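The values are calculated or read from the model by the stated rules, or taken from the named source; none is laboratory data. These numbers come from a predicted model, not from an experiment. Note that each Cβ is placed from the backbone with ideal geometry, even for glycine, and that neighbours are counted across all protein chains shown.
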Amino acid sequence: MLKFKGMSQDYFPVFKKKNAKEPPLVYFDNAATTQKPQSVLNAMNEVYTAFNANVYRGNYYWSEKTTALYSACRQKVASFIGASHSEEIIFTRNTTESINLVAQILARDYFKKGDEIIVSIAEHHSNYLPWWQLAQTHHLKLKIIGLNSEGYFDLEQFKKTLSPKTKLVAIAGVTNVLGTINPLKEIISLSHKIGSLVLVDGAQLISHLPVNINNLDCDFLAFSGHKMYGPTGIGVLYAKKLWLSQTEPLLLGGEMVNNFDGNSVCWANVPQKFEAGTPAYIEAIGLGAAIDYLNKVGFSAIEEREKVLLQNAFVGLQNIKEVTILGPQTLKDRSSIIAFNLKGIHAHDLSELLAEKGIMVRAGVHCAGPLHSMLKIPASTRLSFGVYNTLAEVKYFLKILQEINQSVNYGKR
Amino acid sequence: MEKDKPISSFKNLLELVGGSSHFKHRGLLSHPDVTLLGINESCGDKIILQLKFKDNKVQQAFFNGESCSLSALGAETMCTLLEKEKAVKPIEEKTFLKSLNFNFSPVRKKCAYLVWKTWQNYVSSKPQPISKKKIKE
(Lines give C-alpha, C1' and ligand atoms only; values in the text may rest on other atoms or scores of the structure.)
Protein backbone atom coordinates (compact mmCIF):
# COMPACT_ATOMS: atom_id res chain seq x y z
CA MET A 1 0.00 0.00 0.00
CA LEU A 2 1.57 3.29 -1.07
CA LYS A 3 2.03 5.73 1.77
CA PHE A 4 2.48 8.59 -0.66
CA LYS A 5 1.03 8.37 -4.13
CA GLY A 6 4.11 10.12 -5.46
CA MET A 7 5.84 6.75 -5.51
CA SER A 8 3.39 5.62 -8.15
CA GLN A 9 4.45 5.71 -11.77
CA ASP A 10 1.43 7.97 -12.37
CA TYR A 11 3.51 10.73 -10.83
CA PHE A 12 6.22 10.30 -13.44
CA PRO A 13 5.11 11.45 -16.91
CA VAL A 14 7.68 9.33 -18.74
CA PHE A 15 5.79 6.17 -17.78
CA LYS A 16 2.58 7.34 -19.33
CA LYS A 17 1.88 5.05 -22.28
CA LYS A 18 0.59 6.59 -25.46
CA ASN A 19 -1.60 3.55 -26.02
CA ALA A 20 -2.40 0.38 -24.17
CA LYS A 21 -0.77 -1.80 -26.84
CA GLU A 22 2.69 -0.44 -26.16
CA PRO A 23 5.09 -2.91 -24.57
CA PRO A 24 5.69 -2.67 -20.83
CA LEU A 25 8.02 0.07 -19.62
CA VAL A 26 10.14 -1.56 -16.95
CA TYR A 27 12.94 0.84 -16.13
CA PHE A 28 15.62 -0.89 -14.10
CA ASP A 29 18.54 1.42 -14.91
CA ASN A 30 18.21 3.95 -12.09
CA ALA A 31 21.89 3.79 -11.23
CA ALA A 32 22.50 5.36 -14.64
CA THR A 33 19.81 7.99 -14.23
CA THR A 34 16.44 8.33 -12.56
CA GLN A 35 13.12 9.46 -13.97
CA LYS A 36 11.68 12.82 -12.95
CA PRO A 37 8.47 13.41 -10.99
CA GLN A 38 5.97 15.95 -12.27
CA SER A 39 6.87 18.34 -9.45
CA VAL A 40 10.48 18.61 -10.65
CA LEU A 41 9.37 19.21 -14.23
CA ASN A 42 6.86 21.82 -13.01
CA ALA A 43 9.47 23.67 -10.96
CA MET A 44 11.85 23.96 -13.90
CA ASN A 45 9.16 24.72 -16.44
CA GLU A 46 7.77 27.47 -14.23
CA VAL A 47 11.09 29.32 -14.36
CA TYR A 48 11.38 28.96 -18.12
CA THR A 49 7.82 30.09 -18.75
CA ALA A 50 7.18 32.65 -16.02
CA PHE A 51 10.27 34.47 -14.74
CA ASN A 52 13.55 33.31 -16.26
CA ALA A 53 16.52 35.60 -15.58
CA ASN A 54 20.15 35.04 -14.68
CA VAL A 55 20.86 34.91 -10.98
CA TYR A 56 22.60 37.65 -8.95
CA ARG A 57 22.76 40.10 -11.81
CA GLY A 58 19.49 41.86 -12.36
CA ASN A 59 17.85 44.53 -10.26
CA TYR A 60 14.45 43.41 -11.35
CA TYR A 61 11.82 40.97 -10.13
CA TRP A 62 12.67 38.02 -12.33
CA SER A 63 16.31 37.99 -11.36
CA GLU A 64 15.47 38.54 -7.71
CA LYS A 65 13.10 35.58 -7.85
CA THR A 66 15.54 33.17 -9.54
CA THR A 67 18.30 34.32 -7.17
CA ALA A 68 16.08 33.69 -4.16
CA LEU A 69 15.06 30.25 -5.44
CA TYR A 70 18.67 29.34 -6.26
CA SER A 71 19.81 30.33 -2.76
CA ALA A 72 16.88 28.49 -1.22
CA CYS A 73 17.83 25.36 -3.15
CA ARG A 74 21.37 25.57 -1.84
CA GLN A 75 19.94 25.64 1.68
CA LYS A 76 17.68 22.70 0.83
CA VAL A 77 20.69 20.66 -0.27
CA ALA A 78 22.55 21.60 2.92
CA SER A 79 19.58 20.56 5.08
CA PHE A 80 19.10 17.37 3.05
CA ILE A 81 22.59 16.15 3.89
CA GLY A 82 22.72 17.69 7.36
CA ALA A 83 25.41 20.26 6.54
CA SER A 84 25.72 23.10 9.05
CA HIS A 85 26.16 25.87 6.49
CA SER A 86 24.72 26.37 3.04
CA GLU A 87 28.11 27.85 2.07
CA GLU A 88 29.45 24.30 2.24
CA ILE A 89 27.41 23.40 -0.83
CA ILE A 90 29.09 24.05 -4.18
CA PHE A 91 26.98 23.44 -7.27
CA THR A 92 28.80 21.63 -10.06
CA ARG A 93 27.73 19.77 -13.17
CA ASN A 94 27.72 16.30 -11.62
CA THR A 95 29.56 13.89 -9.32
CA THR A 96 32.42 13.50 -11.79
CA GLU A 97 33.03 17.24 -11.95
CA SER A 98 32.85 17.52 -8.16
CA ILE A 99 35.49 14.83 -7.71
CA ASN A 100 37.72 16.26 -10.43
CA LEU A 101 37.46 19.72 -8.84
CA VAL A 102 38.74 18.31 -5.53
CA ALA A 103 41.45 16.32 -7.31
CA GLN A 104 42.79 19.36 -9.16
CA ILE A 105 42.77 21.54 -6.05
CA LEU A 106 44.48 18.91 -3.94
CA ALA A 107 47.05 18.39 -6.69
CA ARG A 108 47.74 22.09 -6.74
CA ASP A 109 47.77 22.79 -2.99
CA TYR A 110 48.09 19.65 -0.93
CA PHE A 111 49.74 16.53 -2.33
CA LYS A 112 53.50 16.11 -2.19
CA LYS A 113 55.69 13.60 -3.99
CA GLY A 114 55.40 10.19 -2.36
CA ASP A 115 52.00 10.86 -0.76
CA GLU A 116 49.53 7.99 -0.94
CA ILE A 117 45.91 7.88 -2.09
CA ILE A 118 43.65 4.94 -1.29
CA VAL A 119 40.72 3.88 -3.46
CA SER A 120 38.77 0.64 -3.63
CA ILE A 121 38.82 -1.73 -6.59
CA ALA A 122 35.06 -1.30 -6.92
CA GLU A 123 35.12 2.43 -7.55
CA HIS A 124 33.42 4.02 -10.55
CA HIS A 125 35.90 5.46 -13.05
CA SER A 126 34.94 8.94 -11.87
CA ASN A 127 36.36 8.17 -8.44
CA TYR A 128 39.32 6.16 -9.72
CA LEU A 129 40.69 7.85 -12.82
CA PRO A 130 41.28 11.32 -11.30
CA TRP A 131 43.42 9.75 -8.56
CA TRP A 132 45.09 7.27 -10.91
CA GLN A 133 46.03 10.15 -13.21
CA LEU A 134 47.33 12.31 -10.34
CA ALA A 135 49.47 9.42 -9.14
CA GLN A 136 51.12 9.36 -12.59
CA THR A 137 51.58 13.10 -12.99
CA HIS A 138 52.42 14.06 -9.41
CA HIS A 139 54.51 11.04 -8.34
CA LEU A 140 51.98 9.83 -5.80
CA LYS A 141 51.23 6.24 -4.87
CA LEU A 142 47.76 4.84 -5.55
CA LYS A 143 46.85 2.00 -3.23
CA ILE A 144 43.90 -0.22 -4.15
CA ILE A 145 41.77 -1.98 -1.58
CA GLY A 146 40.27 -5.21 -2.85
CA LEU A 147 37.23 -7.19 -1.84
CA ASN A 148 37.20 -9.67 1.03
CA SER A 149 36.15 -13.28 0.54
CA GLU A 150 32.48 -12.33 0.86
CA GLY A 151 32.71 -9.61 -1.77
CA TYR A 152 32.69 -6.56 0.51
CA PHE A 153 35.24 -3.77 0.88
CA ASP A 154 38.22 -5.38 2.62
CA LEU A 155 38.36 -3.36 5.81
CA GLU A 156 41.24 -5.43 7.21
CA GLN A 157 43.36 -4.75 4.13
CA PHE A 158 42.40 -1.08 4.43
CA LYS A 159 43.59 -0.91 8.03
CA LYS A 160 46.93 -2.43 7.01
CA THR A 161 47.26 -0.11 4.01
CA LEU A 162 46.62 3.13 5.88
CA SER A 163 49.87 4.82 6.82
CA PRO A 164 51.20 8.27 7.75
CA LYS A 165 51.77 8.74 4.01
CA THR A 166 48.03 8.36 3.25
CA LYS A 167 46.73 11.79 2.43
CA LEU A 168 43.41 10.97 0.81
CA VAL A 169 40.93 8.12 0.88
CA ALA A 170 38.38 8.22 -1.97
CA ILE A 171 35.48 5.83 -1.46
CA ALA A 172 31.97 5.24 -2.72
CA GLY A 173 29.11 5.26 -0.26
CA VAL A 174 27.38 2.58 -2.33
CA THR A 175 29.26 0.83 -5.14
CA ASN A 176 27.64 1.13 -8.56
CA VAL A 177 28.08 -2.49 -9.68
CA LEU A 178 28.01 -4.66 -6.59
CA GLY A 179 25.53 -2.42 -4.77
CA THR A 180 27.45 -2.88 -1.54
CA ILE A 181 27.19 -0.29 1.21
CA ASN A 182 30.70 0.61 2.36
CA PRO A 183 31.44 1.05 6.10
CA LEU A 184 31.89 4.78 5.72
CA LYS A 185 31.93 5.77 9.39
CA GLU A 186 34.71 3.33 10.15
CA ILE A 187 36.69 4.23 7.03
CA ILE A 188 36.42 7.95 7.82
CA SER A 189 37.30 7.51 11.49
CA LEU A 190 40.37 5.40 10.71
CA SER A 191 41.47 7.79 7.98
CA HIS A 192 41.16 10.87 10.15
CA LYS A 193 43.14 9.19 12.94
CA ILE A 194 46.20 9.10 10.69
CA GLY A 195 45.54 12.55 9.26
CA SER A 196 44.06 11.65 5.89
CA LEU A 197 41.24 13.48 4.13
CA VAL A 198 38.25 11.45 2.93
CA LEU A 199 36.16 12.01 -0.18
CA VAL A 200 32.90 10.12 -0.47
CA ASP A 201 31.39 9.43 -3.88
CA GLY A 202 27.72 9.70 -2.94
CA ALA A 203 26.24 9.17 -6.42
CA GLN A 204 24.59 5.81 -5.63
CA LEU A 205 24.03 6.59 -1.96
CA ILE A 206 22.17 9.86 -1.97
CA SER A 207 18.70 8.76 -3.07
CA HIS A 208 18.66 5.41 -1.27
CA LEU A 209 19.99 6.03 2.23
CA PRO A 210 19.87 9.15 4.42
CA VAL A 211 23.12 11.07 4.67
CA ASN A 212 24.08 13.13 7.71
CA ILE A 213 27.32 14.99 7.15
CA ASN A 214 27.78 15.88 10.81
CA ASN A 215 27.51 12.21 11.66
CA LEU A 216 29.74 11.03 8.81
CA ASP A 217 32.30 13.80 9.10
CA CYS A 218 33.77 13.19 5.65
CA ASP A 219 35.81 16.04 4.20
CA PHE A 220 34.15 15.95 0.78
CA LEU A 221 30.91 14.49 -0.54
CA ALA A 222 30.02 14.44 -4.23
CA PHE A 223 26.71 13.54 -5.84
CA SER A 224 24.55 14.20 -8.90
CA GLY A 225 21.07 15.64 -9.20
CA HIS A 226 20.01 13.31 -11.98
CA LYS A 227 20.51 10.22 -9.84
CA MET A 228 18.10 11.53 -7.20
CA TYR A 229 15.06 12.31 -9.36
CA GLY A 230 16.44 15.72 -10.28
CA PRO A 231 17.63 17.02 -13.65
CA THR A 232 20.90 16.34 -15.40
CA GLY A 233 23.51 19.10 -15.43
CA ILE A 234 23.55 19.74 -11.68
CA GLY A 235 25.77 18.16 -9.10
CA VAL A 236 26.93 18.95 -5.61
CA LEU A 237 30.27 19.12 -3.91
CA TYR A 238 30.08 19.39 -0.14
CA ALA A 239 33.27 20.51 1.56
CA LYS A 240 33.93 21.91 5.01
CA LYS A 241 33.55 25.68 5.27
CA LEU A 242 37.00 26.17 6.77
CA TRP A 243 38.67 24.28 3.93
CA LEU A 244 36.69 26.16 1.30
CA SER A 245 37.44 29.56 2.78
CA GLN A 246 41.18 28.82 2.92
CA THR A 247 41.34 27.42 -0.63
CA GLU A 248 41.97 29.40 -3.77
CA PRO A 249 39.38 28.90 -6.54
CA LEU A 250 40.08 26.71 -9.55
CA LEU A 251 37.74 27.90 -12.30
CA LEU A 252 37.96 31.63 -12.85
CA GLY A 253 35.56 34.03 -14.49
CA GLY A 254 32.34 35.86 -13.81
CA GLU A 255 30.41 35.64 -10.55
CA MET A 256 33.33 34.40 -8.47
CA VAL A 257 34.97 37.81 -7.98
CA ASN A 258 34.05 40.70 -5.69
CA ASN A 259 36.36 43.04 -7.49
CA PHE A 260 38.75 42.86 -10.44
CA ASP A 261 40.19 45.99 -12.03
CA GLY A 262 42.81 44.38 -14.24
CA ASN A 263 45.55 44.79 -11.66
CA SER A 264 44.33 42.99 -8.59
CA VAL A 265 41.50 40.68 -7.73
CA CYS A 266 39.36 40.03 -4.71
CA TRP A 267 37.57 36.67 -4.87
CA ALA A 268 33.94 36.34 -3.87
CA ASN A 269 33.07 34.58 -0.66
CA VAL A 270 32.32 30.91 -0.44
CA PRO A 271 30.42 29.34 -2.19
CA GLN A 272 30.39 31.75 -5.14
CA LYS A 273 34.20 31.63 -5.17
CA PHE A 274 33.92 28.13 -6.63
CA GLU A 275 31.07 28.74 -9.06
CA ALA A 276 32.49 30.63 -12.01
CA GLY A 277 30.17 31.73 -14.79
CA THR A 278 26.41 31.47 -15.01
CA PRO A 279 25.37 28.59 -12.79
CA ALA A 280 22.84 25.97 -13.81
CA TYR A 281 20.28 27.79 -11.69
CA ILE A 282 17.21 26.22 -13.29
CA GLU A 283 18.70 22.79 -12.81
CA ALA A 284 19.47 23.70 -9.19
CA ILE A 285 15.83 24.71 -8.77
CA GLY A 286 14.90 21.34 -10.23
CA LEU A 287 17.21 19.69 -7.73
CA GLY A 288 15.49 21.59 -4.95
CA ALA A 289 12.16 20.22 -6.14
CA ALA A 290 13.66 16.71 -6.22
CA ILE A 291 14.73 17.12 -2.60
CA ASP A 292 11.22 18.27 -1.70
CA TYR A 293 9.95 15.11 -3.41
CA LEU A 294 12.36 12.84 -1.54
CA ASN A 295 11.53 14.50 1.76
CA LYS A 296 7.85 13.95 1.09
CA VAL A 297 8.37 10.30 0.21
CA GLY A 298 10.70 9.81 3.18
CA PHE A 299 13.66 7.48 3.41
CA SER A 300 11.64 4.97 5.48
CA ALA A 301 9.26 4.46 2.55
CA ILE A 302 12.14 4.36 0.06
CA GLU A 303 14.04 1.76 2.07
CA GLU A 304 10.89 -0.29 2.59
CA ARG A 305 10.05 -0.33 -1.11
CA GLU A 306 13.61 -1.02 -2.26
CA LYS A 307 14.07 -3.77 0.33
CA VAL A 308 11.11 -5.67 -1.13
CA LEU A 309 12.35 -5.21 -4.71
CA LEU A 310 15.94 -6.15 -3.85
CA GLN A 311 14.93 -9.20 -1.84
CA ASN A 312 12.61 -10.58 -4.49
CA ALA A 313 15.01 -9.91 -7.36
CA PHE A 314 17.97 -11.33 -5.47
CA VAL A 315 16.22 -14.52 -4.41
CA GLY A 316 14.66 -14.91 -7.84
CA LEU A 317 18.06 -14.62 -9.50
CA GLN A 318 19.64 -17.04 -7.05
CA ASN A 319 16.92 -19.56 -7.92
CA ILE A 320 18.10 -19.65 -11.54
CA LYS A 321 21.20 -21.83 -11.37
CA GLU A 322 22.63 -20.42 -14.58
CA VAL A 323 22.76 -16.96 -12.99
CA THR A 324 25.86 -15.70 -11.19
CA ILE A 325 25.31 -12.65 -9.02
CA LEU A 326 28.38 -10.45 -8.67
CA GLY A 327 29.65 -9.60 -5.23
CA PRO A 328 28.22 -10.79 -1.90
CA GLN A 329 25.80 -13.69 -2.03
CA THR A 330 23.67 -12.28 0.79
CA LEU A 331 21.47 -9.23 1.18
CA LYS A 332 23.52 -7.85 4.07
CA ASP A 333 24.79 -4.29 3.48
CA ARG A 334 23.35 -4.15 -0.01
CA SER A 335 21.57 -1.30 -1.71
CA SER A 336 19.19 -1.64 -4.64
CA ILE A 337 21.70 -2.64 -7.32
CA ILE A 338 22.33 -6.18 -8.53
CA ALA A 339 24.85 -7.08 -11.25
CA PHE A 340 24.79 -10.59 -12.63
CA ASN A 341 25.60 -12.82 -15.55
CA LEU A 342 23.53 -15.52 -17.21
CA LYS A 343 25.52 -18.49 -18.46
CA GLY A 344 25.68 -18.92 -22.20
CA ILE A 345 24.91 -15.36 -23.23
CA HIS A 346 26.92 -12.14 -23.26
CA ALA A 347 25.52 -9.39 -21.04
CA HIS A 348 25.01 -7.13 -24.03
CA ASP A 349 22.96 -9.75 -25.85
CA LEU A 350 20.92 -10.46 -22.74
CA SER A 351 20.12 -6.78 -22.29
CA GLU A 352 18.96 -6.58 -25.90
CA LEU A 353 16.62 -9.56 -25.44
CA LEU A 354 15.27 -8.01 -22.23
CA ALA A 355 14.79 -4.69 -24.02
CA GLU A 356 12.67 -6.40 -26.66
CA LYS A 357 10.29 -7.22 -23.79
CA GLY A 358 10.36 -3.67 -22.44
CA ILE A 359 12.85 -4.30 -19.65
CA MET A 360 15.58 -1.64 -19.52
CA VAL A 361 18.81 -2.67 -17.83
CA ARG A 362 22.44 -1.74 -18.28
CA ALA A 363 25.04 -4.08 -19.72
CA GLY A 364 28.79 -3.70 -19.94
CA VAL A 365 31.40 -2.76 -17.39
CA HIS A 366 29.36 0.13 -15.91
CA CYS A 367 32.41 2.41 -15.82
CA ALA A 368 34.01 -0.03 -13.38
CA GLY A 369 36.78 -1.49 -15.55
CA PRO A 370 39.20 -2.34 -12.71
CA LEU A 371 36.49 -4.28 -10.88
CA HIS A 372 35.57 -6.32 -13.95
CA SER A 373 39.25 -6.95 -14.69
CA MET A 374 39.78 -8.17 -11.13
CA LEU A 375 36.70 -10.42 -11.36
CA LYS A 376 37.94 -11.62 -14.78
CA ILE A 377 34.60 -11.07 -16.45
CA PRO A 378 34.16 -9.14 -19.69
CA ALA A 379 30.82 -7.58 -18.79
CA SER A 380 27.75 -7.91 -16.59
CA THR A 381 24.07 -7.04 -16.63
CA ARG A 382 22.90 -4.61 -13.97
CA LEU A 383 19.50 -4.01 -12.36
CA SER A 384 19.07 -0.89 -10.28
CA PHE A 385 15.79 0.11 -8.68
CA GLY A 386 14.03 3.39 -8.04
CA VAL A 387 11.08 4.50 -5.96
CA TYR A 388 8.59 3.88 -8.78
CA ASN A 389 9.58 0.28 -9.48
CA THR A 390 7.17 -2.42 -8.38
CA LEU A 391 7.21 -6.02 -7.28
CA ALA A 392 5.10 -6.86 -10.34
CA GLU A 393 7.94 -5.53 -12.52
CA VAL A 394 10.50 -7.67 -10.69
CA LYS A 395 8.32 -10.76 -11.19
CA TYR A 396 7.90 -9.93 -14.88
CA PHE A 397 11.66 -9.53 -15.26
CA LEU A 398 12.31 -12.90 -13.59
CA LYS A 399 9.74 -14.58 -15.82
CA ILE A 400 11.35 -13.19 -18.97
CA LEU A 401 14.85 -14.01 -17.73
CA GLN A 402 13.80 -17.59 -17.11
CA GLU A 403 12.38 -17.79 -20.65
CA ILE A 404 15.65 -16.51 -22.06
CA ASN A 405 17.54 -18.97 -19.89
CA GLN A 406 15.43 -21.85 -21.18
CA SER A 407 16.06 -20.74 -24.74
CA VAL A 408 19.80 -20.18 -24.37
CA ASN A 409 20.73 -23.05 -22.09
CA TYR A 410 18.06 -25.65 -22.78
CA GLY A 411 17.25 -24.99 -26.41
CA LYS A 412 13.59 -24.34 -25.67
CA ARG A 413 12.03 -21.79 -28.05
CA MET B 1 26.71 -18.58 -42.80
CA GLU B 2 24.06 -17.78 -45.38
CA LYS B 3 25.39 -14.43 -46.56
CA ASP B 4 22.55 -13.58 -48.90
CA LYS B 5 19.72 -14.18 -46.46
CA PRO B 6 19.40 -11.40 -43.89
CA ILE B 7 19.24 -12.38 -40.25
CA SER B 8 15.65 -11.68 -39.43
CA SER B 9 15.88 -10.81 -35.78
CA PHE B 10 18.22 -10.48 -32.87
CA LYS B 11 17.02 -13.83 -31.56
CA ASN B 12 18.01 -15.45 -34.88
CA LEU B 13 21.43 -13.85 -34.54
CA LEU B 14 21.85 -15.39 -31.11
CA GLU B 15 20.86 -18.79 -32.45
CA LEU B 16 23.42 -18.34 -35.23
CA VAL B 17 26.13 -17.36 -32.82
CA GLY B 18 25.23 -20.14 -30.46
CA GLY B 19 25.92 -22.69 -33.18
CA SER B 20 29.68 -22.25 -33.55
CA SER B 21 29.76 -24.15 -36.87
CA HIS B 22 27.97 -21.19 -38.43
CA PHE B 23 30.99 -18.99 -37.85
CA LYS B 24 33.67 -20.58 -39.97
CA HIS B 25 36.30 -18.04 -39.00
CA ARG B 26 36.04 -18.36 -35.24
CA GLY B 27 39.22 -19.88 -33.88
CA LEU B 28 42.93 -19.29 -33.57
CA LEU B 29 45.61 -19.59 -36.23
CA SER B 30 48.63 -21.62 -35.21
CA HIS B 31 51.21 -19.23 -36.69
CA PRO B 32 49.55 -15.93 -37.52
CA ASP B 33 51.55 -13.25 -39.26
CA VAL B 34 49.66 -10.48 -37.50
CA THR B 35 47.44 -10.44 -34.42
CA LEU B 36 45.23 -7.43 -33.81
CA LEU B 37 43.13 -6.63 -30.76
CA GLY B 38 39.85 -4.78 -30.87
CA ILE B 39 38.27 -3.63 -27.62
CA ASN B 40 34.93 -2.05 -26.80
CA GLU B 41 35.74 -1.21 -23.22
CA SER B 42 32.28 -0.13 -22.15
CA CYS B 43 30.59 -3.23 -23.57
CA GLY B 44 33.18 -5.76 -22.54
CA ASP B 45 33.95 -6.86 -26.11
CA LYS B 46 37.50 -8.04 -26.75
CA ILE B 47 38.16 -9.61 -30.14
CA ILE B 48 41.45 -10.89 -31.51
CA LEU B 49 41.80 -10.81 -35.29
CA GLN B 50 44.55 -13.03 -36.67
CA LEU B 51 45.83 -12.95 -40.22
CA LYS B 52 48.11 -14.95 -42.42
CA PHE B 53 49.53 -13.39 -45.55
CA LYS B 54 51.02 -14.74 -48.72
CA ASP B 55 52.69 -12.52 -51.28
CA ASN B 56 51.40 -9.49 -49.37
CA LYS B 57 47.83 -10.65 -49.71
CA VAL B 58 45.44 -11.89 -47.01
CA GLN B 59 45.36 -15.65 -47.12
CA GLN B 60 43.56 -16.49 -43.89
CA ALA B 61 41.62 -14.46 -41.34
CA PHE B 62 40.34 -15.79 -38.02
CA PHE B 63 38.85 -14.23 -34.92
CA ASN B 64 38.39 -15.16 -31.29
CA GLY B 65 37.72 -13.59 -27.91
CA GLU B 66 34.96 -12.55 -25.55
CA SER B 67 32.26 -10.61 -27.27
CA CYS B 68 28.58 -10.09 -27.81
CA SER B 69 26.93 -11.77 -30.78
CA LEU B 70 26.89 -8.63 -32.90
CA SER B 71 30.64 -8.12 -32.50
CA ALA B 72 31.10 -11.77 -33.42
CA LEU B 73 28.92 -11.32 -36.52
CA GLY B 74 30.94 -8.25 -37.47
CA ALA B 75 34.14 -10.21 -37.00
CA GLU B 76 32.91 -13.16 -39.09
CA THR B 77 31.80 -10.74 -41.80
CA MET B 78 35.20 -9.04 -41.87
CA CYS B 79 37.12 -12.31 -41.98
CA THR B 80 34.98 -13.50 -44.90
CA LEU B 81 35.52 -10.20 -46.70
CA LEU B 82 39.25 -10.12 -46.06
CA GLU B 83 39.75 -13.63 -47.42
CA LYS B 84 37.64 -12.75 -50.46
CA GLU B 85 39.19 -9.32 -51.18
CA LYS B 86 42.70 -10.42 -50.17
CA ALA B 87 44.14 -6.92 -50.61
CA VAL B 88 45.71 -5.30 -47.58
CA LYS B 89 43.72 -2.12 -47.80
CA PRO B 90 40.67 -0.54 -46.13
CA ILE B 91 37.33 -2.22 -46.65
CA GLU B 92 34.67 0.30 -47.61
CA GLU B 93 32.03 0.83 -44.95
CA LYS B 94 29.16 0.21 -47.38
CA THR B 95 30.78 -3.05 -48.53
CA PHE B 96 31.07 -4.15 -44.92
CA LEU B 97 27.46 -3.22 -44.11
CA LYS B 98 26.12 -4.98 -47.21
CA SER B 99 27.98 -8.11 -46.25
CA LEU B 100 26.91 -7.85 -42.60
CA ASN B 101 23.28 -7.81 -43.73
CA PHE B 102 21.82 -7.16 -40.30
CA ASN B 103 19.81 -4.23 -38.97
CA PHE B 104 21.17 -3.09 -35.65
CA SER B 105 20.21 -0.19 -33.41
CA PRO B 106 22.54 2.87 -33.33
CA VAL B 107 23.52 1.97 -29.78
CA ARG B 108 25.00 -1.33 -31.05
CA LYS B 109 26.97 0.21 -33.92
CA LYS B 110 30.30 -0.01 -32.14
CA CYS B 111 29.70 -3.72 -31.52
CA ALA B 112 29.06 -4.45 -35.20
CA TYR B 113 31.92 -2.22 -36.31
CA LEU B 114 34.55 -3.41 -33.83
CA VAL B 115 36.63 -5.61 -36.15
CA TRP B 116 35.98 -3.40 -39.18
CA LYS B 117 37.47 -0.48 -37.23
CA THR B 118 40.32 -2.65 -35.97
CA TRP B 119 41.23 -3.54 -39.58
CA GLN B 120 40.82 0.04 -40.80
CA ASN B 121 43.16 1.30 -38.06
CA TYR B 122 45.69 -1.37 -38.93
CA VAL B 123 45.82 -0.71 -42.69
CA SER B 124 45.85 3.05 -42.27
CA SER B 125 48.78 3.06 -39.85
CA LYS B 126 50.89 0.10 -40.86
CA PRO B 127 53.42 0.59 -43.69
CA GLN B 128 53.98 -2.06 -46.39
CA PRO B 129 55.38 -4.70 -46.61
CA ILE B 130 53.58 -6.75 -43.95
CA SER B 131 55.82 -7.61 -41.03
CA LYS B 132 55.50 -10.68 -38.87
CA LYS B 133 55.20 -8.74 -35.63
CA LYS B 134 52.64 -9.90 -33.09
CA ILE B 135 50.82 -7.02 -31.46
CA LYS B 136 50.62 -7.80 -27.75
CA GLU B 137 47.54 -7.20 -25.71
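Here A:PRO210 passes the criteria (1) crowded, with 23+ Cβ neighbours inside 10 Å; (2) in contact (Cβ under 8 Å) with a residue 60 or more places away in the chain except the one numbered (1).
If only one of B:LYS98, B:LYS132, B:LYS86, B:LYS52 is exposed (fewer than 13 other Cβ atoms within 10 Å of the Cβ), out of contact with any helix residue (DSSP H, G or I) (no Cβ under 8 Å at 6 or more places or on another chain), over 21 Å from A:ILE377 (Cα atoms) and at pLDDT 90 or above, which one is it? Before you say what the answer is, go through the steps one by one.
Values: B:LYS132 fails: at pLDDT 90 or above; B:LYS86 fails: exposed (fewer than 13 other Cβ atoms within 10 Å of the Cβ); B:LYS52 fails: exposed (fewer than 13 other Cβ atoms within 10 Å of the Cβ).
Result of the check over B:LYS98, B:LYS132, B:LYS86, B:LYS52: B:LYS98.
The set of residues in segment A:143-166 that are of a type in the set (A, V, I, L, M) and within 25 Å of the chain's Cα centre (by Cα) comprises A:ILE144, A:ILE145, A:LEU147, A:LEU155. Just wondering, is there one or more residues in segment A:305-316 that are surrounded by 20 or more Cβ atoms within 10 Å (Cβ to Cβ), part of a strand (DSSP E or B), away from chain B (no Cβ under 11 Å) and not hydrophobic (A, V, I, L, M, F, W, C)? No, because not a single residue in segment A:305-316 is surrounded by 20 or more Cβ atoms within 10 Å (Cβ to Cβ), part of a strand (DSSP E or B), away from chain B (no Cβ under 11 Å) and not hydrophobic (A, V, I, L, M, F, W, C). The helices (runs of 4 or more DSSP H) located wholly in segment A:42-142 that include 2 or more residues which are β-branched (Val, Ile, Thr) and over 22 Å from the mean Cα position of the chain (by Cα) occupy A:61-81.
Scanning segment B:31-70 for residues that are in a strand (DSSP E or B), without any contact (Cβ under 8 Å) to a residue 24 or more places away in the chain and over 30 Å from A:ASN341 (Cα atoms) yields B:LYS52, B:LYS54. Looking at segment B:33-42, which of the residues that are surrounded by fewer than 24 Cβ atoms within 10 Å (Cβ to Cβ) and in contact with a helix residue (DSSP H, G or I) (Cβ under 7 Å, 6 or more places away or on another chain) is nearest to the other protein chains (Cβ to nearest Cβ)? This residue is B:GLU41. Give the residue that is nearest to A:LEU25 (Cα to Cα), with candidates limited to residues of segment A:357-367 that are touching a helix residue (DSSP H, G or I) at 6+ places or on another chain (Cβ under 7 Å) and either away from chain B (no Cβ under 12 Å) or outside any strand (DSSP E or B) (or both). Top of the filtered list is A:ILE359. In segment B:55-83, the residue that is surrounded by the most Cβ atoms within 10 Å (Cβ to Cβ) out of those that are within 24 Å of B:CYS43 (Cβ to Cβ) and of a type in the set (Val, Ile, Thr) is B:THR77.
If a residue has to be hydroxyl-bearing (Ser, Thr, Tyr) and closer than 17 Å to A:HIS124 by Cα to count, how many in segment A:319-340 make the cut?
The first filter runs over segment A:319-340 and keeps only residues hydroxyl-bearing (Ser, Thr, Tyr), leaving A:324, A:330, A:335-336.
Going one step further and asking which of them are closer than 17 Å to A:HIS124 by Cα, we end up with A:335-336.
Of the residues in segment A:319-340, 2 are hydroxyl-bearing (Ser, Thr, Tyr) and closer than 17 Å to A:HIS124 by Cα.
Residues of segment A:391-409 that are in contact (Cβ under 8 Å) with a residue 60 or more places away in the chain and either surrounded by 24 or more Cβ atoms within 10 Å (Cβ to Cβ) or more than 14 Å from chain B (Cβ to nearest Cβ) (or both): A:LEU391, A:GLU393, A:VAL394, A:LYS395, A:TYR396, A:PHE397, A:LEU398, A:LEU401, A:GLN402. Of the listed requirements (1) at pLDDT 95 or above; (2) over 30 Å from A:ILE345 (Cα atoms), B:ALA75 misses just one: (2).
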